[in-house]
Structure formats: structure tokens, C-alpha cells
Amino acid sequence: MIFIDTLIFVVGLNLLGFLAAYRLKSDKLTDFSYGLSFLLIAVYVYQGHSQSLTSQVFLLLVSLWAIRIAGFLVVRILKTKKDKRFDGVREDFLKFGQFWLFQGITAWLIMVSSIYVLYKNPEVFEKASIWGIGLWVIGFLFETIADIQKFRFNSNPANKNRW
């Protein structure tokens, strides 16, 4: 049931965000809410259970990643002012709403394994937990560096229309 609950929760959050973004005709809320969706799903599941050390660490890792991705996306949209992907979409209630609906579903799909771990609430760290944290750190660093490199590349006017 936790999977259905979290799906309804995140889709509901994204539909509320959509209504605000549609009314404002703004792209800024879209990217922020994407990162926020991950954080709120994790907190939603975490708060429903006794919180073991493993769950606390897991929540911390999900939270750090969600804050990082939301922060990066917000900085990017504040610099670019608008997202070209939404040209001709943000004005169309159904198309823009569909994007937000799929954004919520995508966040939920990405979080399915995290939902499971937070719901299962393992009491002890296992070797796999330590390896998982190490892998998370490597992935977090790679993703952060890649986003910075891409942002710098795209910020250089000489690279306009280059990939």
C-alpha cells in the first residue's frame, strides 16, 4: 500500500504545483518542485515508521541529493529565465498539466527503491549498506561535477547551439 500512497502523494503535490505554475505561466516552479518531490516522498515514508539509524542515514542521503538537484535546477532556470522546452506548452492547460503529471510519476518511479528501503526500515547496517553509501558518494560527486561542467559550457556564448 505504501507504493500507492506515495504515488498519490507525489502526483497530488505535482498537480498543486502545476496549478500555481500554470497560473503564473512560469517555468521556475517546475524545476524546483521536481527536486522537492524526491525529498518529500522520502520524508513522507520516513515519518510513518520508527526511525532506525539506517533509515536516518538513507533519508540524509536522499535529502542531500534532492536539495542538490533542486538547487542546481533553480540556479539554471534563474540564469536562463525560461525553459525552451515549455515554449508553446506552458500556455496550454492540458499539455502543461501532462508534463507535471509525468514529472510526479517519474519522481515516484526513481524513488521506488528508496521507498522500499525507508518503509522496510532496516535496523542494522550491512556490508551492502557501506558499499551503497560509497557508491552514492561517487555518483553524487560525478553528477555534481557533470552539472557544473555542463552549466559552464552552456553559459559561454561561444558555445551557443553547440553540444
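Measuring how big segment 77-163 is from its alpha-carbon positions, Rg and Dmax come out at 18.9, 53 Å. Round to the nearest 10 and report in Å² the accessible area of LEU61, as given by a 1.4 Å probe over the protein chains' heavy atoms. About 30 Å², ignoring ligands and nucleic acids. Taking LEU7, LEU59, LEU53 and ordering them by how much accessible surface each has at a 1.4 Å probe, largest first, produces LEU53, LEU7, LEU59.
Average accessible surface for the chain: 63 Å² per residue, computed with a 1.4 Å probe over protein heavy atoms with every protein chain in place.
Going by accessible surface with a 1.4 Å probe and the largest first, THR144, THR30 read THR144, THR30. FRET efficiency for the pair ILE145 and LYS84, taken as 1/(1 + (r/R0)^6) with r the Cβ-Cβ distance and R0 = 30 Å, rounds to 0.75.
Net charge in the neighbourhood of LYS82 (other residues with Cβ under 14 Å of its Cβ; Lys, Arg +1, Asp, Glu -1) is +3.
Helix 53-80 and the longest principal axis of the C-alpha atoms of the chain enclose an angle of approximately 10°. Taking the longest Cα principal axis of the chain as reference, the axis of helix 127-155 is set at about 10 degrees.
The lysine pair tally for the chain, using Cα distances under 22 Å and a gap of 8 or more places or different chains, is 24. When the chymotrypsin sites (Phe, Trp or Tyr not before Pro) in segment 101-140 are filtered for DSSP coil states and for at most 14 other beta-carbon atoms within 10 Å of their beta-carbon, the remaining sites are PHE125. Classified by the C-alpha gyration tensor, segment 1-70 has an oblate form. Its axis ratio a/c, with a ≥ b ≥ c, is 1.5 or above, and a/b does not exceed b/c. Here the chain exposes an accessible surface that is 70 percent carbon and sulfur, computed with a 1.4 Å probe and the other protein chains kept in place. Take every Cα pair under 8 Å whose residues are at least 6 apart in sequence, average their separation, divide by the length of the chain, and the relative contact order is 34 percent. If each Cα of segment 8-163 is one equal point scatterer, what is log10 of I(q)/I(0) from the Debye formula at q = 0.11, 0.16 Å⁻¹? With no solvent term, the Cα-only Debye profile gives -0.52, -0.97.
Fully extending the segment from ARG152 to VAL43 would add 36.0 nm, taking 0.36 nm per residue of separation and subtracting the current Cα-Cα distance. The residues neighbouring ASN159, those whose beta-carbon lies less than 13 Å from its own, together hold a net charge of +4 under the Lys/Arg +1, Asp/Glu -1 convention. The heavy atoms of LEU24 offer some 120 square angstrom of accessible surface to a 1.4 angstrom probe.
The values are calculated or read from the model by the stated rules, or taken from the named source; none is laboratory data. Given the structure is predicted, the values throughout are model-derived calculations rather than measurements. Note: ideal-geometry Cβ built from the backbone for every residue, glycine included; neighbour counts use all protein chains shown. Just so you know, the surface numbers come from the protein's heavy atoms only, side chains and all, with ligands and any DNA or RNA stripped out. Shrake-Rupley method; radii C 1.70, N 1.55, O 1.52, S 1.80 Å.
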